[in-house]
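A short worksheet on the structure shown next.
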Amino acid sequence: MNDSTKHQGQRRQLVKLLEEKGIQDKGVITAVGSVPRHWFMDVGLEAYSYVDKAYPIDANQTISQPYTVAFQTQLLELKIGDKVLEIGTGSGYQTAILMAFEGLKVFTVERQQELFKKTKLLFKKIRLRPKKMIFGDGYRGLPDHAPFDAIIVTAGAAEVPKPLLKQLAIGGRLVIPVGEKKQIMTRYVRTGEKSFDRKTYGNFRFVPLLNNKN
Ligand code: SAH
């Protein structure tokens with residue numbers, strides 16, 4: 001897979017734009033600057049890889065807008081050694097952004113088989129090795145691998161899946177867009193066994209998080 005100087009230049013412009021839009025986290029800036037988004041785009045849309053927009057991928061899904069990826073990742077407040085769960089692997093772009101951080105253990109779940117297979121192949125090709133890549137329903141989280149220091153949901157949830165809150169470590173962060181037609185970016189921080197801090201961060205638009213249906 002190539003990463004031409006043209007792509008690199010477009011990527012620097014994208015990073016600049018994200019900084020102008022308020023992204024400050026150094027890790028996020030470095031990650032967006034280093035991950036070739038064009039590797040994750042559908043054929044035919046490559047020319048738009050560094051436009052700050054969401055684009056269609058297989059199975060009627062989308063690759064998230066770079067700003068959204070950066071914003072959600074920033075809210076995760078990642079630290080070296082964190083165990084991170086991503087719900088909705090999709091194109092794999094957000095996974096690659098997480099993998100660009102130093103020393104994270106990344107788990108990712110996708111429930112569309114077609115996308116799961118395609119992205120698995122891509123990861124092999126670009127030698128991206130998350131700790132676990134799982135085909136299944138992320139609504140339930142991954143109880144066998146819990147607790148997680150950070151959980152990111154990349155599809156819109158009508159309500160917050162209880163299992164995900166349960167699988168947060170104390171001090172852990174869940175970043176999830178909540179709502180049906182449009183979503184409110186929401187972050188939960190687990191402050192104790194039974195206590196959570198909840199804050200909201202404005203409106204976004206996502207494809208729906210599927211619960212027990214296709
Ligand atoms: N992070 C991805 C976003 C893809 S869109 C990217 O940057 O490309 C959201 C993804 O969530 C879709 O691929 C969709 O199939 C997946 N998804 C929806 N409901 C899910 C569920 N219950 N479990 C796992 N994945 C789900």
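The values are calculated or read from the model by the stated rules, or taken from the named source; none is laboratory data. Owing to the predicted nature of the structure, the values given are computational and were not obtained by experimental measurement. Here the Cβ positions follow ideal geometry from the backbone for every residue, glycine too, while neighbour counts run over all protein chains shown. These accessible areas exclude ligands, DNA and RNA; they are computed on the full protein's heavy atoms, side chains included. Shrake-Rupley method; radii C 1.70, N 1.55, O 1.52, S 1.80 Å.
Side notes on the structure shown:
- Within segment 135-168, being within 11 Å of the ligand (Cβ to nearest atom) and closer than 14 Å to K83 by Cβ holds for G141, L142, I152, L164.
- Under the condition of being among the β-branched types (V, I, T) and within 14 Å of the ligand (Cβ to nearest atom), the residues counted in segment 112-134 number 2.
- Filter result for the condition that a residue is in contact with a Pro (Cβ under 9 Å, 6 or more places away or on another chain) and on the phi < 0 side of the Ramachandran plot, over K105, K120: K105
- Consider segment 183-214 and keep the residues that are away from the ligand (no atom under 15 Å from the Cβ) and not in a strand (DSSP E or B). The one that is most open to solvent (accessible area, probe 1.4 Å) is K194.
- The one condition in (1) more than 18 Å from T68 (Cβ to Cβ); (2) modelled with pLDDT under 95; (3) open to solvent by 40 Å² or more (accessible area, probe 1.4 Å); (4) not charged (D, E, K, R) that P143 fails to fulfil: (2)
- Test result for Y93, hydroxyl-bearing (S, T, Y) and buried (at least 20 other Cβ atoms within 10 Å of the Cβ): yes
- Some residue of segment 71-86 being in contact with a Gly (Cβ under 9 Å, 6 or more places away or on another chain), within 21 Å of A31 (Cα to Cα), of a type in the set (A, V, I, L, M) and within 12 Å of the ligand (Cβ to nearest atom): yes
- Top-ranked residue of segment 120-139 - restricted to ones that are without any contact (Cβ under 8 Å) to a residue 40 or more places away in the chain and open to solvent by less than 30 Å² (accessible area, probe 1.4 Å), ranked as nearest to Q167 (Cα to Cα): G136
- Among the numbered conditions (1) crowded, with 18+ Cβ neighbours inside 10 Å; (2) touching an Asp or Glu at 6+ places or on another chain (Cβ under 7 Å); (3) on the phi < 0 side of the Ramachandran plot, the only one that A158 does not meet is (1).
Yes/no per residue for (1) open to solvent by 50 Å² or more (accessible area, probe 1.4 Å); (2) part of a helix (DSSP H, G or I); (3) free of Cβ contacts under 8 Å to residues at least 24 places away in the same chain:
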| position | (1), (2), (3) |
| --- | --- |
| N2 | yes, no, yes |
| G9 | no, yes, yes |
| E19 | yes, yes, yes |
| V32 | no, yes, no |
| V43 | yes, no, yes |
| Y50 | no, no, no |
| K53 | yes, no, yes |
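- Residue match in segment 169-178 (condition: on the phi > 0 side of the Ramachandran plot and open to solvent by 20 Å² or more (accessible area, probe 1.4 Å)): yes
- Number of positions in segment 56-90 that are among the acidic types (D, E) and open to solvent by less than 20 Å² (accessible area, probe 1.4 Å): 2
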